[in-house]
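Trainee: First the structure, then my questions, so here it is.
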Amino acid sequence: MKTGYDKIEQGILNDTNLSEEDKSKFLATFMKYRDKKANILITGATGVGKSSTINAMFNREEAKVGVGVDPETMDTEKFELGSLTLWDSPGLGDGKEKDRQHSKNITDLLLKTDKNGDLLIDVVLVVLDGRSRDLGTSYELINAVIIPTLRDKTRDQTDRLLIGINQADMMLDGRHWDRQNTKPLPKLQERIDEKVESVSQRIYEATKVKVEPVAYSAGYKEAGEPQEQPYNLSKLMYYIIEKIPEEKRISVVAESNSDKRMWEKDDNLIEYRERIVEKTFGQVGREIGSKIGGIFGSVGRSIGGAIGGAIGGFIGGLFGK
């Protein structure tokens with residue numbers, strides 16, 4: 001099975017706008033990033049929609065799946081997609097003993113280091129259920145387990161934390177949701193804004209950590225049936241990319257779901273998909289540009305040029321309009 005990196009590499013090789021010399025220089029720089037492995041921990045209580053979120057963003061069905069056997073990964077599913085690894089950990093709410101074990105697993109993973117001694121987990125995404133009025137166990141997970149662990153180093157690592165509020169379409173029991181256009185109507189949008197502010201305020205009051213939750217809908221999917229179109233998934237991806245180390249961003253974007261419908265609908269506050277491309281390829285573009293006489297110098301908004309055939313052809317298909 002081809003990974004996202006394989007598809008991008010094939011795009012470079014097939015790009016008729018590039019000379020053979022330029023392709024070689026481009027690939028030499030690009031190949032450095034294949035070895036940069038990104039790790040995302042996704043956690044939350046049972047039923048919040050972690051699986052649907054992973055499926056919508058990364059098409060989990062294509063991932064190599066394994067269940068951890070070490071004490072720190074017990075009960076945690078591990079999905080390997082090329083250079084991207086997703087860790088799906090249970091949250092709290094399964095009973096006192098289970099909660100204790102889940103807390104330890106999450107703590108151990110967040111403190112785990114790679115072979116270079118760097119922290120393994122680049123981003124921890126905590127998924128909340130936007131339909132629920134009682135988020136007590138979620139706040140306990142965030143305030144009593146995750147944030148203290150992220151602070152349990154010489155440098156505050158709370159910038160690795162992202163809160164996602166799933167089921168935005170169901171916050172008013174499905175009412176005031178424009179199904180035809182996949183977006184909230186004004187009354188529901190008001191409720192969404194209130195929920196985001198409430199979650200942010202509760203976390204700040206308990207921890208003095210400021211977070212900016214992202215309200216979204218992963219889209220419902222029954223077995224064998226097409227998935228409903230998600231909402232604000234591109235916004236969620238944008239915030240993930242912001243928190244991922246720059247040199248690892250390609251690992252995330254390259255393995256994103258290739259179904260363009262997953263990324264089309266959002267709140268339009270900013271151009272999330274365009275910003276994703278800019279943030280992902282800014283460094284690569286600068287480095288390549290210095291090697292190939294500026295052909296790829298300014299990737300950003302002009303990614304559709306020569307680089308468009310190689311990278312833009314793949315990534316533009318995901319996040320382009």
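Trainee: Among the residues of the range 178-202, count how many are touching an Asp or Glu at 6+ places or on another chain (Cβ under 7 Å) and open to solvent by 30 Å² or more (accessible area, probe 1.4 Å).
Mentor: The number of residues fulfilling the criteria is 1.
Trainee: Counting just the residues of the range 9-57 that are modelled with pLDDT of 75 or more and of a type in the set (S, T, Y), which one comes out surrounded by the most Cβ atoms within 10 Å (Cβ to Cβ)?
Mentor: T43
Trainee: List the pairs whose first member sits in the range 232-249 and is among the small types (G, A, S), whose second member is surrounded by fewer than 24 Cβ atoms within 10 Å (Cβ to Cβ) and part of a helix (DSSP H, G or I), and whose Cβ atoms are under 6 Å apart, counting only residues at least 6 apart or on separate chains?
Mentor: Hits for this filter: S234/Y272; S234/R273.
Trainee: Say we look at the range 203-213 and pick out the residues that are part of a loop (DSSP other than H, G, I, E, B) and open to solvent by 90 Å² or more (accessible area, probe 1.4 Å); which of these is nearest to M170 (Cα to Cα)?
Mentor: So, considering only residues that are part of a loop (DSSP other than H, G, I, E, B) and open to solvent by 90 Å² or more (accessible area, probe 1.4 Å), the one nearest to M170 (Cα to Cα) is E212.
Trainee: Tell me the residue from D99, D75, D70 that is open to solvent by 60 Å² or more (accessible area, probe 1.4 Å), closer than 27 Å to P148 by Cβ and at pLDDT 70 or above, please. Steps first, answer last, please.
Mentor: Values: D99 fails: open to solvent by 60 Å² or more (accessible area, probe 1.4 Å); D70 fails: at pLDDT 70 or above.
On inspection, the qualifying residue turns out to be D75.
Trainee: Cβ contacts < 7 Å: first residue more than 30 Å from D134 (Cα to Cα), restricted to the range 32-54; second residue among the small types (G, A, S) and buried (at least 17 other Cβ atoms within 10 Å of the Cβ), any location; separation 6+ or different chain. Result?
Mentor: From residues that are more than 30 Å from D134 (Cα to Cα), the pairs are R34/S83; K36/S83; K36/S251; K37/S83; K37/S251; A38/S83; A38/S251.
Trainee: Quick check on this structure: which one of T113, T107 is within 28 Å of S83 (Cα to Cα), in contact with a helix residue (DSSP H, G or I) (Cβ under 6 Å, 6 or more places away or on another chain) and of a type in the set (S, T, N, Q)? Before you say what the answer is, go through the steps one by one.
Mentor: Values: T113 fails: in contact with a helix residue (DSSP H, G or I) (Cβ under 6 Å, 6 or more places away or on another chain).
Checking each option against the conditions leaves just T107.
Trainee: Looking only at the range 239-268, which residues are over 18 Å from K50 (Cα atoms), surrounded by fewer than 24 Cβ atoms within 10 Å (Cβ to Cβ) and of a type in the set (S, T, Y)?
Mentor: Correct list: S258 only.
Trainee: When the range 222-249 is examined, which residues are found to be modelled with pLDDT under 85 and within 12 Å of the chain's Cα centre (by Cα)?
Mentor: Selection gives nothing.
The values are calculated or read from the model by the stated rules, or taken from the named source; none is laboratory data. This structure is a prediction, so every number in the text was calculated from the model and none was measured. Positions of Cβ are backbone-derived with ideal geometry, glycine not excepted, and every protein chain shown enters the neighbour counts. Please note that ligands, DNA and RNA were not included when accessible areas were found on the heavy atoms of the full protein model with its side chains. Shrake-Rupley method; radii C 1.70, N 1.55, O 1.52, S 1.80 Å.
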